[in-house]
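What follows is calculated from the coordinates using simple rules that are stated; it is not laboratory data. Being a predicted model, the structure only gives us computed values, none of them experimental.
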Amino acid sequence: METQISQRQRLRRSRHDRVLAGVCGGLAEFFGISTFWFRLAFLLLFLPGGLPGIVPYTILWIIIPKAR
């Protein structure tokens with residue numbers, strides 16, 4: 001059980017796959033899917049006036065720690 005917990009990946013902002021703050025890259029690494037899908041989701045949230053995309057991105061930027 002302990003080895004399973006220590007091998008579990010933690011959610012961090014990406015240092016390598018980043019455009020602005022690494023939020024989408026970090027989410028993609030954590031969930032094991034392409035960064036494209038997270039970027040597309042935030043883009044679609046941004047289209048209806050900006051606020052639905054900017055607010056969650058900014059919150060995630062603040063709460064997800066930077067990768068070391």
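The length gained on full extension between residue 51 and residue 10, counted as 0.36 nm times the residue separation minus their Cα-Cα distance, comes to 12.0 nm. Helical runs assigned H by DSSP (4 residues or longer) give the chain a calculated mean residue ellipticity at 222 nm of -17500 deg cm²/dmol, each run adding -39500 (n - 2.57) before division by the residue total.
Compute the long axis of helix 51-63 from its Cα atoms, compare it with the longest principal axis of the Cα atoms of the chain, and write down the angle in degrees, 0 to 90, nearest 10. Value to nearest ten degrees: 30. For residue 13, the residues whose amide H sits under 5 Å from its own are 66, 67, ignoring neighbours fewer than 5 places away on the same chain, with H placed 1.01 Å from N.
Computed from these coordinates, which is log10 I(q)/I(0) by the Debye sum over Cα atoms at q = 0.12, 0.20, 0.22, 0.26 Å⁻¹: (i) -0.30, -0.74, -0.87, -1.11; (ii) -0.24, -0.69, -0.85, -1.22; (iii) -0.34, -0.79, -0.91, -1.14? After the calculation, the listed value that fits is (iii).
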